[in-house]
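Participant: I'd like to ask you about the structure that follows.
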Amino acid sequence: MVGVSGAGKTTLAAALADRLGITHIELDAIYHQPDWTPLPAPEFRNAVTRVCAAPAWVACGNYSEVQDLVWSRADTVIVLDLPRRLTTLRVVRRTLRRTLRRVELWNGNRERLRNALALHDRERSVIAWSWTTHARTRERYRTAAADPRWSHLRFVVLSSPAEVQGWLGSFDR
């Protein structure tokens, strides 16, 4: 499950994994260690290799450092390609909810409102990140879908909330 921040990757991946009765792998939860410390690349790759060794799973995340590991064991890539205005609205709402409620994300990490509002710095603000990477993320997965290296994968591009719900609804519990 891939797409820009705010597209609904984690929500959809968790719902799909639940319907299929398989493991949900959230790459953010592996990568972001306490105090938002990134897991070093070799350790990140080793951890992802271990979890992707399971016979079935649904993974979500856009990490180029491990894309080869995840995609080499996958059969389908779901690309959430929702409009920028929608993903931005979602990421703003999500960030405000998480910061005001002090929601713990992974390994004790919480979003900080001052980071979210640092709109000039996309490395600190998930809102700025989502906005500025939208076009690049869209192009990244369009290019990947045409790459012969990934010809074993089926790419499913979902471009609206209705398409997402319809696609998810096609899986019986």
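Participant: What is the gain in length, in nm to one decimal, between Arg101 and Ala145 on full extension, counting 0.36 nm per residue of separation less the C-alpha to C-alpha distance? It would help to have the intermediate numbers written out before the result.
Facilitator: Working: separation 44, 0.36 × 44 = 15.84 nm, distance 3.85 nm.
Stretched out fully, the Arg101 to Ala145 stretch lengthens by 12.0 nm.
Participant: So, in nm, how far is label Asp18 from label Leu89 when the simple model puts each one 7 Å beyond its Cα toward the Cβ?
Facilitator: Result for the modelled spin labels: 2.4 nm.
Participant: Out of the total accessible area of segment 12-148 (probe 1.4 Å, heavy atoms of protein only), what percent is carbon and sulfur? Please report the intermediate quantities before stating the final value.
Facilitator: Numbers: 4030 of 7710 Å².
Here it works out to 52 percent.
Participant: State, to one decimal in nm, how far the label point of Leu153 lies from the label point of Ala54, with both points 7 Å from Cα in the Cβ direction.
Facilitator: Computed distance between label sites Leu153 and Ala54 equals 1.9 nm.
Participant: Counting only DSSP beta bridges with both residues in the chain, what percent are antiparallel, rounded to the nearest 5? Don't skip to the end; give the middle numbers.
Facilitator: Details: 3 of 14 bridges.
Antiparallel bridges: around 20 percent, rounded to the nearest 5.
Participant: Give the percent of DSSP beta bridges with both residues in segment 1-86 that are antiparallel, rounded to the nearest 5.
Facilitator: Antiparallel: roughly 25 percent of the beta bridges in segment 1-86.
Participant: Work out the charge dipole of segment 87-173 with +1 on the Cβ of Lys and Arg and -1 on the Cβ of Asp and Glu about the Cα centre, then indicate which of Thr99, Pro148, Ala162 is farthest towards its positive end.
Facilitator: Thr99
Participant: Additional query: Grab the Cα-Cα distance for Arg45 and Arg73, subtract it from 0.36 nm times how many residues apart they are, and report the gain in nm with one decimal.
Facilitator: Gain on extension, Arg45 to Arg73, equals 8.7 nm.
Participant: Please report the spacing between the Cα centers of segment 142-158 and segment 16-86 in Å, no decimals.
Facilitator: For segment 142-158 versus segment 16-86, the Cα centre distance is 17 Å.
The values are calculated or read from the model by the stated rules, or taken from the named source; none is laboratory data. Predicted model only: the values in this text are computed from it and were never measured. Cβ sites come from the backbone with ideal geometry, for glycine too, and all protein chains shown count toward neighbours. Side chains included, ligands, DNA and RNA excluded: accessible areas come from the protein's heavy atoms. Shrake-Rupley method; radii C 1.70, N 1.55, O 1.52, S 1.80 Å.
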